[in-house]
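A.B. asks: Starting off with a structure, shown below.
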Amino acid sequence: MPRVSHAKDLEIIRTQVDGKRNRARLEMVIPNGTCCQASGSAALIDAVRAELARQGLLQDVALRVTGCLGFCEQEPVILIEPGNILYCHVAAKDAAEIVSRTAQKGEILEQFLFADPVSGKRIQMESDIPFYKAQTRQLIRMHRFVDPFSIDDYIATGGYKAIAKVLAGVKPEEIIAEVKAAGLRGRGGAGFPTGRKWEEAHEAPGDEKYVICNADEGDPGAYMDRCLLEANPHEVLEGMMIGAYAVGANKGYIYVRREYPLAVKHARIAIGQAREYGLLGDNILGSNFCFDVEVARGGGAFVCGESTALMTSIEGKVGEPRAKDVHTVKEGLWNRPTVLNNVETWANVPSIMLNGAKWFASRGTDSSKGTKILALTGQVKNTGLVEVAMGTPIRTIVYDIGGGPKNGNKIKAVQTGGPSGGCIPERLFDLPVDFDALWDAGSMMGSGGMVVMDDKTCMVDVARYFLKFLQDESCGKCVPCRVGIDRMLEIVTDIAEGHGRPEQIPLLQELAETVAEASLCGLGKSAPNPVLSTLRYFIDEYTAHVHGRQCPAGVCKALITYAIDAEKCTGCGVCLKSCPHDSITGEKKKVHIIDAGLCQKCGICISECKFDAITVK
Amino acid sequence: MAMMNLDSILEGRRSQPHMLVEVMLDLQDQEGYLPEEALKTVSKELGVPLIDVYRVAHFYKAFSLKPRGKNVITICTGTACHVRGSDLLVNQVKGQLGIEPGDTTPDGQITVECVNCVGACALGPIVVHNESYCKNMTPGKLRKKIDKAAGVKKEKKHA
């Protein structure tokens, strides 16, 4: 096993990997992240590997299993180089045909090419697909080159060059100045300037300091951190090494939520390999710098994404936050100076050190530099991870990259920032995505979740959903958060269930403002955002519920009834069979009827009916 | 449970109170829940008072103090799954099995849980059956999955 003790050793490994790659005539890249596996990528990989062996192509064709490439909707995919050909929705049974025709003969198989849902055309090259075209892929672009189990692959992309450069004679103060000049802000949500955080920890007295990578990613609807850690864990490690050197830390932790078992596994393997290579441990690359990293798993508590709660959790205790009168950069983990950054923030560090602050700051807006990965999900045609330059308008993301509404419905809003964020209405879609613009609009970047909602989404129900989430996740330590969320949920539930009173709307507003002001930690302070932003932009939906006793989107159960459209019903009986509450009756081939008294409005019949015959009013 | 296995979980972690969460996660993964006897041993070996062990066990959602079913069906109720109808899946389970999320069927076959997000948001709604991820779930697909999970047991019984 080669031990890397000098920058030259990295160069040797790079040459070796390149040489091996050059011997192959063709490269097939198959991503195998969590979402890819949900689509069956593991079986596809086995089938392709077996087929390559059977057809004697193991030398000619290099198969690389990587992390997620971002276009989750189309998975499983195969990317073929040279040619930048992307095959979508490939099944294990297609392996023989693809290997014998594309890999052997160079034929392009039309049926696997991406079919653009907007134009209906087949698109051969990945780079021509509209989903990718409007993106600026700085971080995700690297994923295709790296097998996450191979430290050599990462080194071949120029990995660990940045830490080698730093250790060869860049002073900690110079690193901090570079990160500050780059304008890197924390990707975890609040957007705090990373350089300033490092500077404070650097200046804090003490021999023992820590760096932490926050991969708790509790925001539902965001998964870029999982993807980065799964696909390119060494990049995160290298970022942490640079940060640790800058602040004077010798120990780091990656705090990953246990709901991400693959990310945990990949991080652990990467740490093991880096140790073997001598890139973690004592006297790294022949310098005086000693640093090691450990993985700590979260136990499924949303509040542990908050920095102080996260640190208590690493200490093995109940993850409750504390007041931040003393900052964690001075007294953090075990009361030592600690720098905590999000996965995406750390992943951006190596390229800043290699390419310089100017390069990084050349993308983005005045106040938000670089790119941001967003998780585009919900009711749009193309869903997946999207990396755009800061400042890209929401409209570009939803319509150009996302391809517009999914089921021909009208898009109403995007929800950004998870439970701490808010809903931005369609009329404001020209807003640029940057930390401050979203904040001013009453939402926030958060970790970058972007859930698209259409006219079948009820905003009162959305507010209720987040309040339920937060009620469940509030640790209960401070009263404004614990009781305030409870009371807000009571009011919103009243409204959703059709017994809301007009005076409850201003009360809800007042309560929300109080909770925001008086709560102890970030969870409580931002908890009212979903309520405040829906009140601000969708007050007419609240009034329709309160005054008209109606749910315009047809979601709130107490205010709707299900019926069967006699014109559309064919009497096939599927709804009758699927109804768990026996509320549907009817004879075969005759129009069926729903008994409103028995109907629980569970929606199962809607999803089962092939003729769209169930109506909601 | 076999003390041997607990021994291997505790290996290298004894007398280190900060390892509590990690040890308990391993125990949970191995046993499917946290047996009382094991927690007493953990308390003693790590040097953490039993009351604090139980506080941690109650605080984090990952831990269960009751044995779970052979099949754990986890429904993701994250935002992206919610707007694509994960509520319907929860309703399906309640109607079909007559249990609430968090509960186990009386025969110990199926445990149903909800999780706030598994991070496969582009493919929602997501259901995780033991360790395998199922995308774009509908109530109908889930019903078949549960039938199958319950049916596996019957076949085994006959054999």
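Only the coordinates and a few stated rules stand behind these numbers; no lab work does. Computed from a predicted structure; not experimentally measured. Neighbour counts are summed over all protein chains in view; Cβ atoms, including those assigned to glycine, are modelled from backbone coordinates with ideal geometry.
A.B. asks: Work out the mean other chain Cβ neighbour count within 10 Å for the residues of A:308-318 and drop it here as an integer.
C.D. replies: Mean partner-chain Cβ count within 10 Å for A:308-318: 4.
A.B. asks: A follow-up question, please. Taking the alpha-carbon set of chain B, what are its Rg and Dmax in Å?
C.D. replies: When restricted to the Cα atoms of chain B, Rg and Dmax are 17.8, 50 Å.
A.B. asks: For a quick size check, give me the Cα extents of region A:519-606 along its three principal axes, largest first, whole Å.
C.D. replies: So the extents along the principal axes, rounded to whole Å, are 60, 28, 21.
A.B. asks: Using the Cα atoms as the points, what is the convex hull volume per residue of region B:3-59 in Å³?
C.D. replies: 69
A.B. asks: Need one number: convex hull volume per residue for region A:117-178, Cα atoms only, in Å³.
C.D. replies: Hull volume over Cα atoms, normalised by residue count, gives 133 Å³.
A.B. asks: For region A:255-359, I need the span (max minus min coordinate) of the C-alpha atoms along each principal axis, in Å, sorted largest to smallest.
C.D. replies: Largest to smallest, the principal-axis extents are 39, 32, 29 Å.
A.B. asks: While we're on this one: Per 10 Å bin from zero, what fraction in whole % of the C-alpha pairs of region B:71-142 is there, up to the bin with the longest pair?
C.D. replies: 23, 58, 18, 1
A.B. asks: Along the three principal axes, how long is region A:145-361 when you take its alpha carbons, biggest first, rounded to the nearest angstrom?
C.D. replies: Reported extents, whole Å, longest axis first: 40, 37, 33.
A.B. asks: Next question, about the same structure. Taking the mean number of other Cβ atoms within 10 Å as a proxy for protection, how do you rank A:61-73, A:335-347, A:166-178 from highest to lowest?
C.D. replies: Answer by packing, highest mean first, reads A:335-347, A:61-73, A:166-178.
A.B. asks: Now a separate question. Mind sorting B:Ile99, A:Ile594, A:Ile242 by how few other Cβ atoms lie within 10 Å of their own Cβ, fewest first?
C.D. replies: If I rank by nearby Cβ atoms, fewest first, I get B:Ile99, A:Ile594, A:Ile242.
A.B. asks: Put one equal scatterer on each alpha carbon of region A:459-546, apply the Debye formula with no solvent term, and list log10 I(q)/I(0) at q = 0.20, 0.21 1/Å to two decimals.
C.D. replies: -0.81, -0.89
A.B. asks: Next question, about the same structure. For chain B, find the longest principal axis of its Cα atoms and tell me its angle to the long axis of helix B:36-46, 0 to 90°, nearest 10.
C.D. replies: The answer is roughly 50 degrees.
A.B. asks: In addition: Cα convex hull of the protein assembly as shown: how many Å³ per residue?
C.D. replies: For the protein assembly as shown, the hull spanned by Cα atoms encloses 176 Å³ per residue.
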